[in-house]
1. Roughly how many debye, to the nearest 20, is the charge dipole of the stretch 268-363 about its Cα centre, given +1 on each Lys and Arg Cβ, -1 on each Asp and Glu Cβ, and no other charges?
2. Between GLN407 and MET12, what is 0.36 nm times their sequence separation minus the Cα-Cα distance? Round to one decimal in nm.
3. Across 10 Å bins from the origin, how do the percents of Cα pairs in the stretch 268-385 run, short distances first?
4. What nm value, rounded to one decimal, do you get for the distance between ASP382 and HIS362 when each label is placed 7 Å out toward the C-beta?
5. For the stretch 2-163, what is the relative contact order in percent, using Cα pairs closer than 8 Å and at least 6 residues apart in sequence?
6. Would you mind classifying the stretch 176-291 by shape? Square roots of the alpha carbon gyration tensor eigenvalues, ordered a ≥ b ≥ c; an a/c under 1.5 is rounded, otherwise it is prolate if a/b is larger than b/c and oblate if not.
7. What number in nm² do you get for the stretch 178-408 if you take the convex hull of its Cα atoms and divide its surface by four?
8. ³J(HN,Hα) across the stretch 98-110 via Karplus (A = 6.51, B = -1.76, C = 1.60, θ = phi - 60°), whole Hz, x for Gly/Pro?
Amino acid sequence: MTALVDSLKPGMTVFLGGVSGESLAFRDALRAAPEKAAGVRFVGVFFPGINEGAYASVHPQARQRAYFMLPEFRPDFLDGRVELLPVDYVGAWKDLAHLEIDLAIVQTSEPDAQGRLSLGICHDFAPAVWARARQRVAHINPAMPRTHGSVSLRLDDCDAVVDCAADLLTYPDDTPNAALETLADHVAGIVRDGDTVQLGIGKMVTAVCEALDDHRALRLHAGMATGAVLPLIERGIIAGVGAVRVGVALGGADFYARVARDDTFRFEPVSDTHDVWRIAAINRFVAINAALEVDLFGQVNCDTLGGKLVAGVGGMPAFAGGARLSIGGRSVFALLSSAAKGTVSRIVPRLAANALIGAPRHLADLVVTEQGVADLRGASLDQRAERLIAIAAPEHRSELMTCWAAQRQVL
């Protein structure tokens, strides 16, 4: 790995795998020789709460092209060395597919008898850049399992390989609290037997998976899967070859070993998992996404807190849009009704001027809090406001009603 780091030159654009595909061995080797990052632009899709991903911070003259805001990015973003693109997953794929990449470093499994390298637990974005990169390097990691995937790399297509045993990035199990469990019960009530469900990651998702324990014949089509899905597989609630179609697995060594041997899991790149028309063709597709705030018009803020960008929209637009085109599909946004120990309502009269709109008001079919479900389908402006106020925290409802009465006078 040291030789690979030594090959970096000023002016290069280097693609690095993100999420669970990030090569921690390369990251650590680069940190040990920070001068090699000078003048290099790093690009990859690094996810908040999963990756540190701040390669621009390795050297004052390093740069980075990014698609999510990470806390670690902020100093270099303010310094002008992080180029942040305000795009979703589909936009990130398109950007990477057209970007001039001097060096692509992709972490893979060991080759099989035919010389094929599996992308293992992370198929998301590497296929967008691999064929066009000027130089292609496979980090062959014995720890990376061979999974059931739609994409593999040919050993003969690699300009170089680095055989290096290293830890894979892991993601801890999440434990939801009582409020999230109540919210999850409401979400589970929206899901019907036979639906195909999209979920993200985090405590809310763990709670939703637990709440789906009395359903039948479900499928999962999503960007990522965690160990929270395993109980649904073990109970036969999700069953069948390819019943879980994702780009990324996130968990620990036991989960990674499970997804490798279990053909319930099928790994695909973002060009497949986030194809809106492919999603739309799945009948009864239910997209369940987290929100930070929802206003009384149904506009959704999913990535700003107090005016600061803390993430990005990710795969949500493709999944929510596909769900609304799906026969019997539903686009669901879920959030707790309040924050800061109940002092701040997350159902707000109107998104603040410094809050970014992640989903426009027409994209949400249903909004869920621990207080209940607001069905916005076919609802007028007044009905939307009334239904959203009904799922706000009780102590904030009166003020929301007053604000709505004033707002509608100036529409």
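1. Result for the stretch 268-363 is approximately 320 debye, rounded to the nearest 20.
2. Values: separation 395, 0.36 × 395 = 142.20 nm, distance 5.21 nm.
The GLN407-MET12 span can extend by a further 137.0 nm.
3. 14, 44, 32, 9, 0
4. So the two model labels end up 2.4 nm from each other.
5. Working: 330 pairs, mean separation 32.7, N = 162.
Rounded, it is 20 percent for the stretch 2-163.
6. Numbers: a/c = 1.42, a/b = 1.15, b/c = 1.23.
Rounded, since a/c falls under 1.5.
7. Numbers: hull surface 49.4 nm².
Over all viewing directions, the stretch 178-408 projects a mean Cα-hull area of 12.3 nm².
8. Using θ = phi - 60°, the values come out as 10, 6, 7, 10, 7, 9, 10, 10, 10, 8, 9, 7, 5 Hz.
Any read-out appearing in this document is the output of simple, stated calculations on the displayed coordinates, not a laboratory observation. Worth saying up front: this structure is predicted, and the values here are computed from it rather than measured. Positions of Cβ are generated from backbone atoms using ideal geometry, with glycine treated the same way; all protein chains shown enter the neighbour counts.
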